[in-house]
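The structure under discussion appears below in the form of structure tokens.
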Amino acid sequence: MRGWAGEGTLRGMRQHVAPWKIVLSLTLAVALFAYFIYQAPLAEVGRALGQVHLGWVVITTAIALLTYLLRALRWGLILRPAGTTGAGKPFGCTAAGFATSAILPARAGELVRPLLLTARTRIPPAAPPRCPASARLSPSTPRAEKLCAANDGPET
């Protein structure tokens, strides 16, 4: 499985980012954060945060992380016919996908998740985009495995 289109994409991007782009991105992030803080009713936010029960925050955060882990493990199993990914990479990509969906419209995280995984692994780009869709349709049927097996993936 050599020479596929996305091979080394993420590593290449990290090495060739112009310093002015980094400075511009950080400046824009700080400016937007300052604007939102300036516009936010901080007294109301403080009162609302004072009423939050920390125990519930810990419990809901643990449940959210557990669901990310379970979804990543399921995704790893579904992707097994296309190649192995390890446990950590699908988890990071799943968390990044959900974070993206929380910020951007139209569930953009559903695209970020497989694209990020193909950039981080040697799985062919055709395999992951099919897999989340097939996992939502029928996660327990052999049809899901057939949809996820890429033509250029290793045979099992």
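The values are calculated or read from the model by the stated rules, or taken from the named source; none is laboratory data. Model, not experiment: these values are computed from the prediction. Here the Cβ is made from the backbone with ideal geometry for all residues, glycine too, and neighbour counts use every protein chain on show.
Within segment 30-41, the presence of a residue that is surrounded by 11 or more Cβ atoms within 10 Å (Cβ to Cβ) and free of Cβ contacts under 8 Å to residues at least 60 places away in the same chain is excluded.
Based on this model, can you work out whether V23 counts as outside any helix (DSSP H, G or I) and either among the aliphatic types (A, V, I, L, M) or more than 18 Å from V112 (Cβ to Cβ) (or both)? For V23, the condition - outside any helix (DSSP H, G or I) and either among the aliphatic types (A, V, I, L, M) or more than 18 Å from V112 (Cβ to Cβ) (or both) - is not met. Which one of L49, L69, L77 is exposed (fewer than 13 other Cβ atoms within 10 Å of the Cβ) and either in contact with a strand residue (DSSP E or B) (Cβ under 7 Å, 6 or more places away or on another chain) or part of a helix (DSSP H, G or I) (or both)? Going through L49, L69, L77 in turn, just one is exposed (fewer than 13 other Cβ atoms within 10 Å of the Cβ) and either in contact with a strand residue (DSSP E or B) (Cβ under 7 Å, 6 or more places away or on another chain) or part of a helix (DSSP H, G or I) (or both): L49. Screening segment 9-35 for residues that are β-branched (V, I, T) and closer than 30 Å to I123 by Cα and picking the one that is modelled with the highest pLDDT gives I22.
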